[in-house]
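**Q** Provided herewith is a single structure, encoded as structure tokens, for subsequent inquiry.
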Amino acid sequence: METWFPVVRDVVLFVIAIYGAALSTFNWRQALKKDRREITVTASSAMPTYGDQLGAPYAKLEAVNTGHRVVTVKTLTFETPSGARLAPMLADRFPGMPDTRLPVSLSDGQSAHLLLPYSDIAEALMANGQTGKVKLTPVCVDSADNVYRGKAWDVDPREFLEMGLR
């Protein structure tokens, strides 16, 4: 037998073993990701229109289940840098678009939303002594008390109040 054959055989077996280990690791990570709860939280602006007139601006918080497991959303709100959370005092403030009743179970791709008037946000911040720019982070809490955070908004309460009262 040739002396090169055992070397080639060992190299080929080593490459196959590395490929198998990499494939197993990839499959394991995919399985972990599939079984994990995942919520994407976003904040945006919404304004009702009345013919050719614009209404007061609202902040729209939305939580979308981007995972493969059903997730029950308990809380959807804004959080200040100190950890305080804004709680809406009245529901369904946006005309024609009722807020999602919480808690709610979301399957893959389903969403929940909450609309808060800019003026209410500003008044709540100012009542707590926040007069300069504040970072408000959209947060969602599920039934297992996992907290999901979205991209923070830089908010000036005085500007929000002025926009909300127009």
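**Q** Take T100 and decide whether it is assigned to a strand (DSSP E or B), surrounded by 15 or more Cβ atoms within 10 Å (Cβ to Cβ) and of a type in the set (V, I, T).
**A** Details: assigned to a strand (DSSP E or B): no; surrounded by 15 or more Cβ atoms within 10 Å (Cβ to Cβ): yes; of a type in the set (V, I, T): yes.
The answer is no for T100.
**Q** In the stretch 1-22, which residues are assigned to a helix (DSSP H, G or I) and of a type in the set (V, I, T)?
**A** Matches in the stretch 1-22: V7, V8, V11, V12, V15, I16, I18.
**Q** Here is a further query. Among L125, L136, which is under 18 Å from E62 (Cβ atoms), among the hydrophobic types (A, V, I, L, M, F, W, C), surrounded by 18 or more Cβ atoms within 10 Å (Cβ to Cβ) and assigned by TED's automatic domain parsing to the domain that holds L61?
**A** The match here is L136.
**Q** May I pose another question? Restricting to the stretch 103-118, give me the number of residues that are at negative phi and surrounded by fewer than 20 Cβ atoms within 10 Å (Cβ to Cβ).
**A** Qualifying residue count for the region: 8.
**Q** OK, next. Is it true that L76 is crowded, with 19+ Cβ neighbours inside 10 Å, closer than 25 Å to R37 by Cβ and in contact with a His (Cβ under 8 Å, 6 or more places away or on another chain)?
**A** So L76 fits the description; yes.
**Q** Would you point out which residue out of P88, P81 is in contact with a strand residue (DSSP E or B) (Cβ under 9 Å, 6 or more places away or on another chain), in contact (Cβ under 8 Å) with a residue 40 or more places away in the chain and either assigned to a loop (DSSP other than H, G, I, E, B) or β-branched (V, I, T) (or both)?
**A** Exactly one residue qualifies, and that residue is P81.
**Q** If you take the residues in the stretch 143-164 that are of a type in the set (D, E) and in contact with a Lys or Arg (Cβ under 6 Å, 6 or more places away or on another chain), which one is farthest from V104 (Cα to Cα)?
**A** Only one residue tops the list, namely D156.
**Q** Exactly one of (1) touching a Lys or Arg at 6+ places or on another chain (Cβ under 8 Å); (2) closer than 23 Å to P48 by Cα is unmet by T137. Its number?
**A** Unmet for T137, out of (1) touching a Lys or Arg at 6+ places or on another chain (Cβ under 8 Å); (2) closer than 23 Å to P48 by Cα: (2).
**Q** Are there any pairs, at least 6 apart or on different chains, whose C-beta atoms fall under 9 Å, with the first in the stretch 128-155 and closer than 23 Å to A112 by Cα and the second assigned to a loop (DSSP other than H, G, I, E, B) and among the aliphatic types (A, V, I, L, M), and if so, which?
**A** Short answer, once both residue conditions are applied: K135/A152; L136/L86; L136/A152; T137/A152; P138/A152.
**Q** Within the stretch 29-47, how many residues are in contact with a strand residue (DSSP E or B) (Cβ under 9 Å, 6 or more places away or on another chain) and over 20 Å from W153 (Cβ atoms)?
**A** Step one: of the stretch 29-47, the residues in contact with a strand residue (DSSP E or B) (Cβ under 9 Å, 6 or more places away or on another chain) are 37-47.
Narrowing further to those that are over 20 Å from W153 (Cβ atoms): 37-38.
So the answer is 2.
**Q** Identify, please: which residue in the stretch 59-73 is crowded, with 17+ Cβ neighbours inside 10 Å and touching a Lys or Arg at 6+ places or on another chain (Cβ under 7 Å) and is, among those, modelled with the highest pLDDT?
**A** Looking at the filtered set, the residue picked out is V71.
**Q** In the stretch 51-78, which residue that is among the basic types (K, R) and in a strand (DSSP E or B) is nearest to L125 (Cα to Cα)?
**A** K60
The values are calculated or read from the model by the stated rules, or taken from the named source; none is laboratory data. Quick caveat, the model's predicted, so the values are computed rather than measured. Here Cβ is always computed from backbone atoms with ideal geometry, including for glycine, and neighbour counts include all displayed protein chains.
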